[in-house]
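Derivation of every value follows stated rules applied to the coordinates shown; laboratory data play no part. None of the values given here were measured: they were computed from a predicted structure. Backbone-built Cβ (ideal geometry, glycine too); neighbour counts: all protein chains shown.
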Ligand code: PMV
């Protein structure tokens, strides 16, 4: 079974678009795929959701989750459904990277991560599909090459992505990412225990990245200062993770959230969720991913506190789950 991991951004989103580093981490949920020879190239998709005891719904996150269900796409047959058509085009884009003289392949994919949540769903799917196709074609390549091969898929969904999600989805690592540079894996001294809370509102990476670009154009000096400070938080955060100084990482996350709020990518709901988990004992909390909705993350000192954070979020009516970050 081939896998692509979902991810959270511990520190550094948005700054990464402007060349600063970001600290990302794979999570133990993602997307699974297998491929076998068939009569035609096709992609079968099952929207499985994430079944966790920590959630009430049994499907992980509520809100904008696509209805659990299944559909099948034939590579050369366009469909009316816009999201499914995007996935068909993404599938064709990665198939273009394989030799023409191969047998037709049928890929089955199972998604645990919701889309539009800032958890790297599309990258996890792209990487899982590439890994499954590689297995079926007897190809073997390293994580960086898999991430690179999945970029045509990711571009169908995100236009001009930084590539961070794909790099993390392929590596399963906690890592420093900087645009156009190799991923720098971080040796984790102590595995961070993270609670992910879903705001119940879908986020759009393209929309928030464009909004920040407008802010950058109108207030270049102020935004540059913010990006510089975010970059410095990332450097300090990487050392904190290496040293196992997780309460320090929590403080850096809190400051990063303030800076993201100053870029106007947080929402009152995300702010409220962060405040509630801090009160319930989190070492730190911030939005993760593009913002404007999607998810927030909270760093828990231990399992009982992590459960208390999930409860606090559920009291607000938000779904939450506990994950360990860094899978490999
Ligand atoms: O919401 P996500 O998971 O697509 O993360 C977006 C992170 C940004 O830094 C805002 C954009 C990017 O391409 O890195």
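For this structure, a couple of remarks:
- Fewest-first ordering of 71, 32, 91 by other beta carbons within 10 Å of each residue's beta carbon gives 71, 32, 91.
- Counting beta carbons within 10 Å around each of 9, 186, 206 and listing the fewest first gives the order 206, 186, 9.
- Stretching the chain fully between residue 262 and residue 219 yields a gain of 14.3 nm (0.36 nm per residue, less the alpha carbon separation).
- Residue-span extension gain [residue 86 to residue 271] - 0.36 nm each, minus C-alpha spacing: 63.4 nm
- In this simple spin-label approximation, residue 145 and residue 210 carry label points 7 Å from Cα along the Cα→Cβ vector, and these lie 3.7 nm apart.
- Most tightly packed first, judged by the mean number of other beta-carbon atoms within 10 Å of their residues, the peptides 19-25, 79-85 read 19-25, 79-85.
- For the peptides 115-123, 216-224, the ranking by packing is 115-123, 216-224, with the highest mean count of neighbouring Cβ atoms within 10 Å listed first.
- Neighbour counts of other Cβ atoms within 10 Å put 18, 5 in the fewest-to-most order 18, 5.
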